[in-house]
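Right, one structure below, let's go through it.
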Amino acid sequence: MTDPVALLRRYVRIDTSNPPGDCRGAAELLCGVLRESGLSPETFGAKPEKPNVFCHVGGTEEPGLVLVHHMDVVPARAEEWSVPPFSAEIRDGFMFGRGTLDTKGLGAAHWCAALRAAKAGILRRNLFLVANPDEEVGGGDGAEYFVKNLPRPLGKAYGLTEGGVGVTDIFGGGGKFFLLNMWEKGPVWMKLSARGRAGHGSRPSAKDAPARLSRAIARVAEHREPSRLTEPVRDMLRVLRGKGYVHLNVDKLHGGEHETAALEGLAAKFPEIDPLLRNTFAVTTLSAGYKPNVIPISAEGTVDGRIVPGEEPGEVAARVRAMVSDLDVSVEILFAEKPNGSAMNPLYGAMEAAILSVHPDAVVVPYLSTGFTDSRFYRSIGIPTYGLMPLLLPRAEHGKIHGVDERIPVAGIGEMTDILFALIERWNQNSTVSPFPG
């Protein structure tokens, strides 16, 4: 089966919600498609229910190309959806289903583009297909296990996975923008806790845990860090200025009040750029008490911090700790990763050319993603990795990722496949790829 729409329908109908994240059925489907084409995929994992799928599609030369997606999806509450979330129902030109955008649609396009390339006999350079489990809960049993236990080395190669998107309504209006994720902000998830005395709701005091925590949480939520210009954002703004979408010349900014004012003005004009210029803090959970008239002894909440390149998770958490220290609220890091990324390399040019072959009026933009992906694990073993789901959607549709009625335009599935095939084709042309760095 090499039709991406048909493959995606079968794929979405396999419930890989994480937790629990059982991906055995998905791996069997993907491996079966590869075996039908005469290939020999391998599966291995830390747990039987979380297999990684790995396949060398063809080619012998380097640098190779590694196409990566994840099989697991976030849970969906059926009662909130207009269709059953694992039905893959097609309606009004869209296929509905959990995972259509994150990232089974991308995986179907990877699989079908690679098989088309193998059938066309164009593979000179190594081409690998990878499907990981466990991404939605951190990747420990997925990509992290995969890179540490590879059955064969990937050699010199570049990687492409999720993280970037195609969007039609940003940077001031119309146009087609493909945001190629080259860097990712780092997550710093923190738990804020307060303890006090338990008592009757009619006799509050300044030491009550929920009240102190509420003041601390409000302080963090309202905190707005100063803007700063990092190299990934500088690269993005250079491209946007060259295309006429922004007028700010970042090469004339050299710090100080002038730079801060210029960046704040840019953020005010383009709100989508604002979180790329600073650390952000979002309050995500709150927990305290069990009865309206009882003051509980403890209260806690969580904050999702996302930090820009150049920041250290521990230092950011220390600043938050200092921010609330007078309220006697503790701050504990639950999970953290440093910002990570890949420098400009030949994959960028090849990806841009592939996109323009399908969307000649599009603009490809190097991007600092506010989210994080499995890219960090591949980068850790020397695989420069970018992220892009090469599918054009309005911003509102991207908002359905992890949300209700996640869906993908049926026509877009074929377009993604065509772009990825064009990438593979260009990657295997002598003039496309320069020597691997280092």
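The values are calculated or read from the model by the stated rules, or taken from the named source; none is laboratory data. Keep in mind it's a predicted model, so treat the numbers as computed, not measured. A quick note on method: Cβ atoms are made from the backbone with ideal geometry, for glycine too, and the neighbour counts reach across all protein chains shown.
Before moving on, here are some points about what is shown:
- Among the candidates VAL320, VAL324, VAL364, VAL316, residue that is buried (at least 23 other Cβ atoms within 10 Å of the Cβ) and not assigned by TED's automatic domain parsing to the domain that holds GLU162: VAL320
- For the stretch 154-163, the criterion of being modelled with pLDDT under 95 and in contact with a Gly (Cβ under 7 Å, 6 or more places away or on another chain) is met by at least one residue.
- In a residue-by-residue description of the stretch 368-377, the property of being part of a strand (DSSP E or B), of a type in the set (A, V, I, L, M) and either over 22 Å from THR280 (Cα atoms) or at pLDDT 95 or above (or both) applies to at least one position.
- Qualifying residue in the stretch 245-265 (condition: out of contact with any Phe, Trp or Tyr (no Cβ under 9 Å at 6 or more places or on another chain), touching a residue at least 60 places away in the same chain (Cβ under 8 Å) and surrounded by fewer than 16 Cβ atoms within 10 Å (Cβ to Cβ)): no
- Only one of GLY25, GLY38, GLY21, GLY64 that is more than 21 Å from the chain's Cα centre (by Cα) and at positive phi: GLY38
- SER87 meets the conditions (1) among the small types (Gly, Ala, Ser); (2) more than 15 Å from LEU154 (Cα to Cα); (3) crowded, with 19+ Cβ neighbours inside 10 Å in every case but one. The failed one is (3).
- Filter result for PRO394 (outside the structural domain of MET190 (by TED's automatic domain parsing), in contact (Cβ under 8 Å) with a residue 12 or more places away in the chain and buried (at least 23 other Cβ atoms within 10 Å of the Cβ)): no
- Residue list for the stretch 188-199, filter: of a type outside the set (A, V, I, L, M, F, W, C) and touching a helix residue (DSSP H, G or I) at 6+ places or on another chain (Cβ under 8 Å): SER193, ARG195, GLY196
- Among the residues of the stretch 208-246, those identified as of a type in the set (Gly, Ala, Ser) and in contact with a helix residue (DSSP H, G or I) (Cβ under 7 Å, 6 or more places away or on another chain) are ALA216, SER227.
Residues are listed down the side, and each one gets a yes or a no for (1) free of Cβ contacts under 8 Å to residues at least 12 places away in the same chain; (2) in contact with an Asp or Glu (Cβ under 7 Å, 6 or more places away or on another chain); (3) farther than 30 Å from VAL137 by Cα:
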| position | (1), (2), (3) |
| --- | --- |
| VAL167 | no, no, no |
| ILE170 | no, yes, no |
| LYS176 | no, yes, yes |
| LEU179 | no, no, no |
| LEU192 | no, yes, no |
| GLY196 | no, yes, yes |
| GLU225 | no, no, no |
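- Of all the listed residues (ILE413, ILE424, ILE419), the sole one being within 24 Å of ARG9 (Cβ to Cβ), touching a Ser or Thr at 6+ places or on another chain (Cβ under 8 Å) and in a helix (DSSP H, G or I) is ILE419.
- Residue count for the stretch 118-144 satisfying the condition of being under 17 Å from LEU30 (Cβ atoms) and not in a strand (DSSP E or B): 6.
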